[in-house]
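Working notes, beginning with the structure itself.
The values are calculated or read from the model by the stated rules, or taken from the named source; none is laboratory data. All values reported here derive from a predicted model rather than from experimental measurement. Glycine also receives a Cβ, built like all others from the backbone with ideal geometry; neighbour counts cover every protein chain displayed.
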């Protein structure tokens, strides 16, 4: 069971080293730091990091972001390089001082929604069984909750003429709907995001968000959006997701959990 | 000011001091042929940008009007430009420019430039073979393929017309797209792989090897860190023996490095230009011709490839 989840964006510039003398996005980094601190508050036995990559795969937990791929002058970290999103997730965990078990799960950029949901359910179930095992051991029984999930990915990179992908009029409405769905804990809306449209709009987060939907199942989470902005034409979103215990029903869904 | 190569005493032929000091062990540079002219390796060429577009990134629309564009050509030739690079489509994303529109923007203008300046080298910045054919018919000498062989038939057109070809690196970006989180294991290795592959293909297609240039294409498919790395390691490109063209004028990586707006990037541009010249680049695509010419003359003099204009200080 996933006890808490956090959404963070995955632009390279989240790494402070990459933006030169100008911190460029201090507010965004602060929001990520706050969100990850909250994620680690219940002292999870494991953190599952989910992020988009060219292919679905699990990565070496010892891996780190290879900054040299983006800034050769910074040199190699000497650890196995991860895909950008997972590398940033690992970086955020390092910055928060997390040294526990981490699962680094890449989800393919083109993975269909159904596959994403299945992957999410499998990750959550694996976390649960691990948690149950742990609870049988007296030494770790009080270690905290079984698993939390750090989900990386972004909205559209086509929000303005200056955006990396130039302007697509559909970008802002698409991102607005994602933010609304996250704000309202409306997982079915996230699960229903169209992969084809997302790809056209250069939305990287879609598969990872849909893995989260699969991991949380039919629950209706209580959420808090800490950051939703697009300073460079790419939509960044930071949010806390508290799955709660309520199972969404059509009756409940008439009322906002907030 | 003429920075034509002049023999410097005490130096092995074909190898400059910069190459010796940079420790490049590569092939010696050979003469570059463009149009009817042969340029010796020590001769540094300035390629003036004259865009036939309403929306290029630097001073958009400056030469959109054909009269203004022709006037600009007269000016840059007088200022010492060796090559005029004519573009009909901006590199940045924007309204689509169909093939016939690109031809309409460039061909009549090329004819006018050729009529006014018989010997100036005319280059056209295009990635499309249909446009390449039309501009070569109109008298273009060089096809500046900034989008890295996106249309493989462009090299065949260069071969057919005896034109030159620029082989650039974009990291596989489609024409008119911006880099989005691009990363490289080794950006210079990727540049060498791609540009040398394109040059080899061009030779195979029948392009005269003495008319082929390679271009790392700063900012194209690269973030600022990548473009700085390219600038630092440009000697690895010049060591291949292929003449290297650089296109850095007023670009974003200069702006980001200095925190400078579009109108405040000349000093940064000239710094990159100077480093590239020191490392052996031979063609410099530029907006600011007088200043670029002066920077290059200064570097050529430091290298010993050019005699100073006037030296009496301490000598009288």
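List of remarks:
- Selection from the stretch A:44-93 of residues that are away from chain B (no Cβ under 14 Å) and either under 12 Å from the mean Cα position of the chain (by Cα) or under 22 Å from residue A:21 (Cα atoms) (or both): A:47, A:48, A:49, A:50, A:89, A:90, A:91, A:92
- Number of positions in the stretch B:219-241 that are more than 14 Å from chain A (Cβ to nearest Cβ) and surrounded by fewer than 24 Cβ atoms within 10 Å (Cβ to Cβ): 4
- Any hit, the stretch B:283-295, residues being within 14 Å of the chain's Cα centre (by Cα) and either on the phi > 0 side of the Ramachandran plot or free of Cβ contacts under 8 Å to residues at least 40 places away in the same chain (or both): yes
- Among the residues of the stretch B:114-142, those that are assigned to a helix (DSSP H, G or I) and crowded, with 24+ Cβ neighbours inside 10 Å comprise B:131, B:132, B:135.
- Taken over the stretch B:29-73, the criterion of being in contact with a strand residue (DSSP E or B) (Cβ under 6 Å, 6 or more places away or on another chain) and part of a helix (DSSP H, G or I) is satisfied by B:69, B:72, B:73.
- Across the stretch A:17-47, the number of residues qualifying as within 30 Å of residue B:255 (Cβ to Cβ) and modelled with pLDDT under 95 comes to 8.
- Check on residue B:151, at pLDDT 95 or above and crowded, with 17+ Cβ neighbours inside 10 Å: yes
- Note on the stretch A:1-31: among residues that are outside any helix (DSSP H, G or I) and within 11 Å of chain B (Cβ to nearest Cβ), the one that is nearest to residue A:123 (Cα to Cα) is A:10.
- Residues satisfying the stated conditions in the stretch B:191-218, i.e. crowded, with 18+ Cβ neighbours inside 10 Å and without any contact (Cβ under 8 Å) to a residue 60 or more places away in the chain: B:191, B:192, B:194, B:195, B:198, B:199, B:202, B:207, B:212, B:214, B:216, B:218
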